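Comments concern the structure below.
The values are calculated or read from the model by the stated rules, or taken from the named source; none is laboratory data. All values derive from a computational prediction rather than experimental measurement. With ideal geometry, Cβ positions are generated from the backbone for all residues, glycine too; neighbour counts draw on all protein chains shown. Areas reflect the complete protein model, heavy atoms only, side chains present, ligands, DNA and RNA absent. Shrake-Rupley method; radii C 1.70, N 1.55, O 1.52, S 1.80 Å.
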Amino acid sequence: QTDEPILRVRNLGTGYGDLRVVWDVSFDVWPGRLTVLLGRNGAGKTTTLRAVSGLNKATAGSVELGGRDITKAAAHTRVRQGMAYVQEGKRVFHAQTVEQNLLLGGYTRRLKRTELRQEAERMYELFPVLGDKRSLLAGTMSGGQQQMLAIAQAMMAGPRLLMLDEPSGGLAPVIVNEVMERVGLLKETGIGILLVEQAVEASIAVADHVTVLDMGRVVLASAADDLDNLQDAYFGRT
Ligand code: ATP
């Protein structure tokens, strides 16, 4: 474990035009670890991710990636500097095979064809179900498998920070657990992961740090281990 966060968000304020929806939000993501942003619908989780990725403008505060201030950098610059962002409801290319989808995910890297294929092989190790289905059209796979493909496709860009907005969306509970387990295993590659979720239990199970937003502000920040003692009541756990 290194002590330098890959992502450092400080006192972030953002919104849509003149409408401010996020105030004074601070949190970190470390290499090889996962930070989850929780909170009810409309709490500001997606808006926060959009500001971190550069799709929304930060109106206050700062965002640092690997120690470099990127608060004012364009979204595509952030991608080049190692951010990958899988937006909520991200669709894969249904009429392309699983492997074609993966190779497309790596196209911005200056890799030789053989290196790209090696990267795809690495994804098949991380997501074995994708390896089994590599020659099938992505559209023939289940929702959970397509979600894993979307994540693996983002990983093909070789990010230092992977941001996932509600990968559990629309999936059956048992599939949610499976997707979360796979997301948790991505930590072993050494990247930092920032996850936005509604699936509280399943995401805390793989998280190292938990930040809860409510009405656009941080209402709880904790190591995932300490959470039981802290806020069972908040999550309504029994
Ligand atoms: P959800 O899980 O529903 O996506 P969330 O925590 O991600 O919830 P946000 O989507 O960030 O919440 O929404 C935060 C606030 O910003 C809400 O009040 C929402 O109505 C508002 N909002 C979201 N998108 C826009 C937009 N494009 N224009 C204006 N307001 C928006």
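Of note:
- Any hit, the stretch 92-110, residues being open to solvent by less than 70 Å² (accessible area, probe 1.4 Å), without any contact (Cβ under 8 Å) to a residue 40 or more places away in the chain and small (Gly, Ala, Ser): no
- In the stretch 54-75, the qualifying residues are those that are over 20 Å from Tyr16 (Cβ atoms) and of a type outside the set (Gly, Ala, Ser), and the one that is surrounded by the most Cβ atoms within 10 Å (Cβ to Cβ) is Leu65.
- Subset of the stretch 181-198 (residues that are open to solvent by less than 20 Å² (accessible area, probe 1.4 Å) and of a type outside the set (D, E, K, R)): Val183, Gly184, Leu186, Ile191, Gly192, Ile193, Leu194, Leu195, Val196
- Selection from the stretch 33-47 of residues that are under 24 Å from Glu181 (Cα atoms) and touching a strand residue (DSSP E or B) at 6+ places or on another chain (Cβ under 9 Å): Arg33, Leu34, Thr35, Val36, Leu37, Leu38, Gly39, Arg40, Lys45, Thr46
- Only one of the listed residues (Ala152, Ala74, Ala95, Ala120) is in contact with a strand residue (DSSP E or B) (Cβ under 7 Å, 6 or more places away or on another chain) and either away from the ligand (no atom under 16 Å from the Cβ) or among the aliphatic types (A, V, I, L, M) (or both). That residue is Ala95.
- In the stretch 166-180, the residues that are surrounded by fewer than 22 Cβ atoms within 10 Å (Cβ to Cβ) and not β-branched (Val, Ile, Thr): Gly169, Gly170, Leu171, Ala172, Pro173, Asn177, Glu178
- Qualifying positions in the stretch 167-202 - among the hydroxyl-bearing types (Ser, Thr, Tyr) and assigned to a helix (DSSP H, G or I): Thr189
Yes or no, residue by residue, for (1) within 16 Å of the ligand (Cβ to nearest atom); (2) crowded, with 19+ Cβ neighbours inside 10 Å; (3) outside any loop (DSSP other than H, G, I, E, B):
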{"site": "Glu4", "(1), (2), (3)": "no, no, no"}
{"site": "Asn11", "(1), (2), (3)": "no, no, yes"}
{"site": "Val25", "(1), (2), (3)": "yes, yes, yes"}
{"site": "Gly32", "(1), (2), (3)": "no, no, no"}
{"site": "Leu37", "(1), (2), (3)": "yes, yes, yes"}
{"site": "Thr48", "(1), (2), (3)": "yes, yes, yes"}
{"site": "Val52", "(1), (2), (3)": "yes, yes, yes"}
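- Filter result for Leu65 (away from the ligand (no atom under 12 Å from the Cβ), of a type outside the set (Ser, Thr, Tyr) and within 17 Å of the chain's Cα centre (by Cα)): yes
- Complete set of residues in the stretch 122-147 that are β-branched (Val, Ile, Thr) and either over 17 Å from Val183 (Cβ atoms) or outside any helix (DSSP H, G or I) (or both): Thr140
- Checklist (1) modelled with pLDDT of 95 or more; (2) within 16 Å of the ligand (Cβ to nearest atom); (3) within 27 Å of Asp3 (Cβ to Cβ) applied to Arg160, failing item: (2)
- Listed by first and then second residue, the pairs with beta-carbon distance under 7 Å, at least 6 apart or on different chains, first residue in the stretch 57-71 and farther than 18 Å from Pro31 by Cα, second of a type in the set (Asp, Glu), are Ser62/Asp69.
- Residue identified as in contact with a helix residue (DSSP H, G or I) (Cβ under 6 Å, 6 or more places away or on another chain) and of a type in the set (A, V, I, L, M, F, W, C) among Val52, Val86: Val86
- Answer residue from the stretch 204-232, given it is in a helix (DSSP H, G or I) and touching a helix residue (DSSP H, G or I) at 6+ places or on another chain (Cβ under 6 Å) and is farthest from Ala150 (Cα to Cα) among those: Ala224
- Residue check, Val21 of a type in the set (A, V, I, L, M, F, W, C) and under 26 Å from Val206 (Cα atoms): no
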